[in-house]
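Values quoted throughout were computed directly from the atomic coordinates according to the rules given, and no laboratory measurement underlies them. Bear in mind the structure is a predicted one, so any value in this text is a computation, not a measurement. Glycine also receives a Cβ, built like all others from the backbone with ideal geometry; neighbour counts cover every protein chain displayed.
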Amino acid sequence: MTAPTPAAPTSSGAADADKPLPVDVHPAWLPPDAFRAIGSRRVHVHGSGLLVDTVTSEVARACALHGGSWVRTGDGVTADGVTADGATADGATADGVTADGATADGATADGATADGATTGSADLVLRVAGPGRGTGPEGYTLHRGGTATVVEGHDPAGLLYGFFHAVQLGEQAFGAHDAGPQVHGPALARRMLDHWDNVAVHPSMGQVERGYAGGSIFWRAGRLREDLGRAADYARLLAACGINAVSVNNVNVHRTEALLLTERLDDVVTLADLFRPYGIRTHLAVTFAAPVVLGGLPTADPLDPAVRDWWRRTTEAVYARIPDFGGYLVKADSEGQPGPHGYGRTHVDGADMLAEAVAPHGGVVHWRAFVYNHRQDWRDRRTDRANAAYDAFTPHDGAFHDAVVVQVKHGPIDFQPREPVSPLIGAMPRTRLAVELQVTQEYTGQQRHVCYLAPMWSQILRFRFRGDADEGSAVGRITRGGGLVAVSNVGDDRFWTGHPLAQANLYAYGRLAWDPDADPSALLDAWAALTFPAAGPDVVAVLHAMMDRSWLTYEKYTAPLGIGFMVDPSGHYGPAVDGYEYSPWGTYHFADRDGVGVDRTLATGTGFAGRFPQPWSQVYESLDTCPDEVLLFFHHVPYGHRLQNGSTVLQHIYDTHFDGAREAEELAARWDDARVQAAVGPDLHARVRERLAEQVHSAREWCDQVNSYFYRKSGVPDAHGRPIY
Ligand code: GCW
């Protein structure tokens, strides 16, 4: 799949619209068939600007594939690509278009006038209508009525998203009348993906830190890739699910990567040029030490005038080349990365210095709150990593520059399959916050296991800090200030994500960032309909049966009851129950012969439960009300403690692990279905089957190791006498 470089139809039409798809790269949710409904119709695009060019280019490509026709008007330009009458399939040619809004033969195409006032005989009208009609930035209206379906963008970006909405509707975009224009728009202004891609291959982390889908689509062995076709295709996929910001390098900024800000800025310019036509702004992770490592200054102290001046000048140079540059992403004073603490300064000092540099140009600084002591003494039970970000940032609420977005991981520890929501998110009402999710499956099966994460994210986004009655306290509302961010899961793998079903996570993430209240099951439907157009309801039902609850299956056979971190420390894949128990990383389960869990109560523990407002503080504090799924996150209990579900902690561990391992086997059995194979194709089918075999094997390993561990610690046998080792 190679995306066209959208070209203004004034001179060349969209002649480059349709390039053949390399057969070996899977088209993800934009296969040719997804464009059939639009591409087989008469389409009128009206408006001007780069993103309208993109829409035109997409329409031209769709019509070339499926035999429809299109016309573009606006800005004194008319172009057309009528294929039905035997004209060129790739849109208008240079000599078929004149600048005065008429086609060369003196007639307007397809009944449309140059000013776009009439819809003529088009089946689909895509136009920029401007503000009004209840839409906001990037929004659009969609109206199925009369003779045509009309998508009206608030702005060119709105038209682009409206177009992809129509793609997703397929045939449903046509025919049926609706009550009137439906208004659509993003709930969150910034919908971002962070790449942990290294430019140079890192000795232990490789080309992509926590990447499970091959190499980077941007970088290879120390350089920008020569073939950036995948990056261009990626931009298109992202626009089709609503993403509008991408950070192109790892937050752990090593030597080579640091150079992107200065001597290697050309590479960032090239990527920004690929993303821009799809409405995506490019961001860069920078090292706080840049004034020293790049600028040759003796210090990076944020209060030093020479340092501030260096950032101001350096940032000006970036904007001179990339006028729509999104801004900086910074991991400071975290896991060994440099930061303001090294100079006795605060996060506010550090973040504001950068904000002052980007703000005049319209940029932002994403300042990560993933700050904790990673050299903790495991003997010390009072220090709690869960408290760290909260304690470091809440004193600064209201103090940050407006251009600072504090980026908070969704949980207080680190992307575990189950954590409570980070209380920091609810405790910074006067600060712009972004919530960070992890699409790459570092702790959720590394794209070898099926683990559809949208249900988990949805639960997080719907979590209400002040209880059910207070809608405004929902994470999805709070994050409106700064947006949603997630670590991407793609690589140069030909299925993009290693496990083909992990594509659904990327798609659903984008859609949830657009609408945090979206239903994960409906998103799965939308993804499946686009990705597997040949799948009938029976096959879609199999996908639901495999994916809807796959996160819960994964949770069952891994660390129990919210305790987390029983993973192998070397790669975070597979079980190692005590792998982190005596380490400096602050992630312990404290299992002994009598019980397990971390006492994070206010009464007797680390006080973490008390960082939540009511009602949650009380709910988590009390053993009677603490939800089972996070019980061991908040409490250290005896193995015989009865859960709300009636089981003892130990029996629950045994039961869920046996169940989880069995469910993994069931997943594999469901996939082994001729109808599924026919709908998804043998190639993709084989890849998933191979991954499922590994999942079954790994789930069994998890089950047996976790169960045996607790049996050996407690001496209490399984009530059902199943094999434990
Ligand atoms: O989960 C941890 C990962 C690190 C990562 C870090 C972070 C980029 O294991 O690889 O570093 O989080 O979020 O900064």
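Could you work out how far helix 520-531 tilts from the main Cα principal axis of the chain, as a 0 to 90 degree angle to the nearest 10? Helix 520-531 sits at roughly 50 degrees to that axis. For the range 350-429 versus the range 23-59, the inter-centroid distance based on Cα atoms is 40 Å. The simple spin-label model puts a point 7 Å past each Cα toward its Cβ; for GLU263 and ALA678 those points are separated by 6.0 nm.
Full extension of the chain between ASP391 and TYR582 yields a length gain of 66.4 nm, computed as 0.36 nm times the residue separation minus the alpha carbon distance. Which residue, TRP616, ALA669, TYR709, has the largest displacement toward the positive end of the dipole of the range 610-725 when charges sit on each Cβ (Lys, Arg +1; Asp, Glu -1)? Farthest towards the positive pole: TYR709. Counted by neighbouring Cβ atoms within 10 Å, the residues ASP397, ASP538 run from fewest to most as ASP538, ASP397. Solvent-free Debye calculation, one equal scatterer per alpha-carbon of the range 127-233: log10 I(q)/I(0) at 0.12, 0.18, 0.21 Å⁻¹ equals -0.61, -0.83, -0.97. Think of each Lys and Arg Cβ as +1 and each Asp and Glu Cβ as -1; about the Cα centre, that makes the dipole of the chain roughly 960 debye. Calculated FRET efficiency, ALA693 to ALA306, Cβ-Cβ distance, R0 = 45 Å: about 0.15 to the nearest 0.05. For the chain, DSSP calls about 35 percent of its internal beta bridges antiparallel. Computed from Cα atoms, the angle from the helix 265-275 axis to the main principal axis of the chain rounds to 70 degrees.
Using only the Cα atoms of the range 619-725, build the gyration tensor, take square roots of its eigenvalues as a ≥ b ≥ c, and label the shape rounded, prolate or oblate: rounded if a/c is under 1.5, else prolate if a/b is larger than b/c, else oblate. Walk me through the numbers before you get to the answer.
Details: a/c = 3.23, a/b = 2.03, b/c = 1.59.
Note, shape of the range 619-725 comes out prolate.
Annotation: the antiparallel percentage among DSSP beta bridges lying fully within the range 217-368 is about 15.
Calculate the dipole size of the range 308-444 relative to its Cα centre from +1 charges on Lys and Arg beta carbons and -1 charges on Asp and Glu beta carbons; express the result in debye to the nearest 20. List each step's numbers first, then the result.
On the way: 16 positive and 18 negative charges, 26 e Å.
So the dipole magnitude of the range 308-444 works out to roughly 120 debye.
With the Cα gyration tensor of the range 146-192 giving a ≥ b ≥ c as the square roots of its eigenvalues, does the rule (a/c under 1.5 for rounded; else a/b larger than b/c for prolate; else oblate) give rounded, prolate or oblate? Taking the square roots of the gyration eigenvalues as a ≥ b ≥ c, the range 146-192 is prolate. Axis of helix 503-514 versus longest Cα principal axis of the chain: the two differ by about 80°, to the nearest ten degrees. Placing unit charges on each Cβ (+1 for Lys and Arg, -1 for Asp and Glu) gives the chain a dipole about its Cα centre, and among GLY476, THR78, LEU684 the Cα reaching farthest toward its positive end belongs to GLY476. The calculated FRET efficiency for ARG462 paired with HIS544, based on their beta-carbon distance and R0 = 22 Å, is about 0.60. Peptide packing for 248-258, 636-646 was compared via the average number of neighbouring C-beta atoms within 10 Å per residue; ordered from the highest value, the list is 248-258, 636-646.
How much length is gained if the chain between ASP273 and ALA317 is pulled fully straight, taking 0.36 nm per residue apart and subtracting their Cα-Cα distance, in nm to one decimal? Let's see the in-between values first.
Details: separation 44, 0.36 × 44 = 15.84 nm, distance 1.65 nm.
Here the answer is 14.2 nm.
Secondary-structure-derived ellipticity at 222 nm for the chain, considering helices only, amounts to -10000 deg cm²/dmol, per-run term -39500 (n - 2.57) for DSSP H runs with n ≥ 4. Residues LYS331, LYS713 in ascending order of nearby Cβ atoms (within 10 Å, fewest first): LYS713, LYS331. Under the shape rule built on the C-alpha gyration tensor, where the axes satisfy a ≥ b ≥ c, the range 412-453 is prolate, since a/c reaches at least 1.5 and a/b is greater than b/c.
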